[in-house]
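S.K.: One structure is given below, represented as structure tokens, and several questions about it will come after.
The values are calculated or read from the model by the stated rules, or taken from the named source; none is laboratory data. The model shown is predicted, which means the values in this text are computed figures rather than measured ones. Note that we place each Cβ from the backbone using ideal geometry, even for glycine, and neighbour counts take in every protein chain shown. Calculation scope for accessible area: heavy atoms of the full protein, side chains included, ligands and nucleic acids excluded. Shrake-Rupley method; radii C 1.70, N 1.55, O 1.52, S 1.80 Å.
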Amino acid sequence: KAGVTQTPRYLIKTRGQQVTLSCSPISGHRSVSWYQQTPGQGLQFLFEYFSETQRNKGNFPGRFSGRQFSNSRSEMNVSTLELGDSALYLCASSYGQENQPQHFGDGTRLSIL
Amino acid sequence: TQLLEQSPQFLSIQEGENLTVYCNSSSVFSSLQWYRQEPGEGPVLLVTVVTGGEVKKLKRLTFQFGDARKDSSLHITAAQPGDTGLYLCAADSGGGADGLTFGKGTHLIIQP
């Protein structure tokens, strides 16, 4: 069974630009969650999508947005990039029910110059 | 939003020693998951504990969920260099819709 696939693996952008990251979940999983990982803050929850609807959202500014397609693939967009957005962005997929384990991809390393 | 306190933050020990990592909160968890993450990779799920007082074993790793479901521990017996990594606990508040709340992790180094 293929795991969670995130593309691209690495990305370099400059301040003010925007970026789109992609996540393909495990086949059959309908929930995709996005997390930001930094050395100082650790892993922080961005948002979760289930059946093409955003089901919950963490405490991030509106510059961070996402969407999910009918095949459960998800994209995350960050607009007007700031230096502080440099981080590892991880997505995780699951069946979306309570206490279901989440399976993570290897992340996209975003660096802002 | 519940906070998870993990301790210790860093731990460096010799091969063959035992160690315990703790994960604590003032809130009750629906479930708690332990992950291990290596550089350049995403977290890999080790175990999920759901029932208060539950103990699960995975080879040399023993996971315990507190009776009140507010804390958990990970004990490694006879640590090996291959155990080196970042160990993360993550809590699910229930309902399937709040995302996981992660502790900041324990950086474990096992020296040969």
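S.K.: Checking the condition more than 28 Å from A:Gln97 (Cα to Cα) and either within 10 Å of the chain's Cα centre (by Cα) or open to solvent by less than 30 Å² (accessible area, probe 1.4 Å) (or both), which residue from B:Leu19, B:Leu46, B:Leu11 passes? Lay out the reasoning, then the answer.
M.R.: Values: B:Leu46 fails: more than 28 Å from A:Gln97 (Cα to Cα); B:Leu11 fails: either within 10 Å of the chain's Cα centre (by Cα) or open to solvent by less than 30 Å² (accessible area, probe 1.4 Å) (or both).
Result of the check over B:Leu19, B:Leu46, B:Leu11: B:Leu19.
S.K.: Can you find, within the range A:77-96, the residue that is most open to solvent (accessible area, probe 1.4 Å) among those that are part of a loop (DSSP other than H, G, I, E, B) and not acidic (Asp, Glu)?
M.R.: Applying the filter and picking the extreme gives A:Tyr95.
S.K.: Also: Being surrounded by 19 or more Cβ atoms within 10 Å (Cβ to Cβ) and assigned to a strand (DSSP E or B) is the filter; apply it to the range A:97-112 and report the residue that is farthest from the other protein chains (Cβ to nearest Cβ).
M.R.: A:Ile112
S.K.: So B:Lys70 clears everything in (1) under 21 Å from A:Gln44 (Cα atoms); (2) more than 10 Å from chain A (Cβ to nearest Cβ); (3) open to solvent by less than 40 Å² (accessible area, probe 1.4 Å) except one condition, right? Which one?
M.R.: (3)
S.K.: Right, next: Going by the conditions given, is A:Ser65 closer than 19 Å to B:Leu100 by Cα, away from every other protein chain (no Cβ under 14 Å) and either open to solvent by less than 60 Å² (accessible area, probe 1.4 Å) or part of a loop (DSSP other than H, G, I, E, B) (or both)?
M.R.: On the way: closer than 19 Å to B:Leu100 by Cα: yes; away from every other protein chain (no Cβ under 14 Å): yes; either open to solvent by less than 60 Å² (accessible area, probe 1.4 Å) or part of a loop (DSSP other than H, G, I, E, B) (or both): yes.
In short, yes.
S.K.: Right, something else. What's the number of the condition B:Cys23 fails, among (1) at pLDDT below 95; (2) within 13 Å of chain A (Cβ to nearest Cβ); (3) touching an Asp or Glu at 6+ places or on another chain (Cβ under 8 Å)?
M.R.: Failed condition: (1).
S.K.: I'd like to know if the range B:79-88 contains one or more residues that are modelled with pLDDT under 95 and in a loop (DSSP other than H, G, I, E, B).
M.R.: The answer is no; no qualifying residue exists.
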